[in-house]
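Below: the structure, in structure tokens.
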Amino acid sequence: MDIVAIMKGLFGMVVLPSILGVLVHQYEKPAVTKTISQALSPFSKIGLFVVVSINSSIVAPYLRELNAEFFSKAEIVYTGGMRNISAGTVLAISFFPPAVAVPVLFQQVLVALFGFLLNRFELRTPCCG
């Protein structure tokens, strides 16, 4: 495993964009940051879709053989809290066998489902305060 390559990849994918975003947010006027955010939002959504699609196509053959062992691993990954799904998937596919990325992508589906269910049932019910 090439640790230096992993660190370089994370630095380019996560650290530099995060620092740039924090600096722009900190030192620019709110109107400028709002304009930048609105202008880049579509590209962000499209980019996320492309990354997830490419990564999903690589691990698709491993989804044909789902078993109890897979679901127990998926539960551990979900409760462990993988926060950056794109980085996790890219790292898994780049440095490990593609099957390692399956739980990471599975977690994304679970998070979307639970977010939908929470929004639909929990957040909209009036409080009896």
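The values are calculated or read from the model by the stated rules, or taken from the named source; none is laboratory data. Everything quoted here is computed from the prediction, not taken from an experiment. Quick note on the areas: whole protein, heavy atoms, side chains included, nothing else; ligands and nucleic acids left out. Shrake-Rupley method; radii C 1.70, N 1.55, O 1.52, S 1.80 Å.
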*How much length, in nm to one decimal, is gained on full extension between Asp2 and Phe116, taken as 0.36 nm per residue of separation minus their Cα-Cα distance?*
37.2 nm
_Solvent-accessible surface ranking, highest first, for Ile46, Ile93 at 1.4 angstrom_ = Ile46, Ile93
